[in-house]
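Reviewing the structure listed below.
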Amino acid sequence: SVRAADKPSYTIATDATYAPFDFQADNGEYRGIDLDLLKEISKSQGFTYTLKPMSFNAAVQALDAKQVDGVIAGMSITPERKAKFDFSDPYYDSGEVMAVGKNSKITSPKDLKGKTVALKTGTVAAEYGKSLQKKYGFKVKYFNDSNTMYNDVINGNSAACFEDYPVMAYGIKNGMDLKIVTKPVGGGQYGFAVNKGMNKALITSFNKGLKQARKDGTYKKVVDRYLSTKK
Ligand code: GLN
């Protein structure tokens, strides 16, 4: 077998607060669909890595500045990002939704005139929210992480936020005082990203490991760990 010292080693950035994909468990360990998958894939493909949890925007900037080798962070594969980064095969389907306070009377972007909307810097959902701003006449406020953004809506400072559907649904299912009021749009998919042309071996390993994980049931086991309907 390959000795640890002989294995390729990478630095991989993640979003510190993006459950069920990336989050810090009570024991301090970073876990979630992304991070459990990465762990399984690294084992099956024989590489090691150091995980760097940070804000999503910081992770993407760190990759762009070549301070890290890769990003796994519920990161949507977009044409703009594909110009800068190489993505793995998609591993999860997403889409953007609008969420409001649990008892809010707001039911659509039409109700946001003159109100403040909370967005998370550097995300596809923020871009989507921003694209509606002119038409619906709301103000925007930016946050670095999802939890702070949600709290601004929960405590009534902001009237709504925009977030990825699987993340918002998971948070609400786990007791967050918000509700989703729009259907998912955008239909994006998540991928693991590295700098363009710079980490072919890592992307190839990731794709191989992902394929294997889908085939041998590991992928399903990891997803079910967080999203299983039967408990
Ligand atoms: N999927 C979204 C994006 O890529 C949000 C990712 C995140 O906040 N971790 O922009």
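For the chain, the share of DSSP beta bridges that are antiparallel, to the nearest 5, is 55%.
In straight-distance terms, cross-link reach from LYS113 covers every one of the lysines whose alpha-carbon lies under 29 Å from its own, apart from those fewer than eight places away in the same chain; here that gives LYS102, LYS105, LYS130, LYS134, LYS135, LYS139, LYS141, LYS173, LYS179, LYS183. Considering only beta bridges that DSSP places wholly inside the stretch 96-180, some 55 percent are antiparallel. Computed from the Cβ-Cβ distance with R0 of 35 Å, the FRET efficiency linking ASP64 to ASP111 stands at 0.45.
What order do you get for 88-98, 9-19 when each peptide is scored by the mean count of other beta carbon atoms within 10 Å, highest first?
Descending packing order for the listed peptides: 9-19, 88-98.
Max-minus-min Cα coordinates of the stretch 96-180 on each principal axis give 33, 28, 18 Å, with the largest extent listed first. Rg and Dmax of the stretch 131-231, both derived from C-alpha coordinates alone, stand at 18.0, 50 Å.
Work out, step by step, the length gained on full extension between GLN133 and SER44: first 0.36 nm times the residue separation, then minus their alpha carbon distance; give nm to one decimal. Additional length available on full extension: 27.5 nm. Using only Cα coordinates, the Kirkwood hydrodynamic radius of the stretch 1-62 works out to 12.3 Å.
At q = 0.12, 0.13, 0.14, 0.15 Å⁻¹, what base-10 log of I(q)/I(0) does the Debye formula yield for the chain when every alpha carbon is treated as an equal point scatterer in vacuo? Rounded to two decimals, the profile gives -0.66, -0.77, -0.88, -0.99.
Bear in mind these aren't lab numbers, they're just calculated from the coordinates by the rules spelled out. The model shown is predicted, which means the values in this text are computed figures rather than measured ones. Using ideal geometry, Cβ is built from the backbone for each residue, glycine included, and neighbour counts are taken over all protein chains shown.
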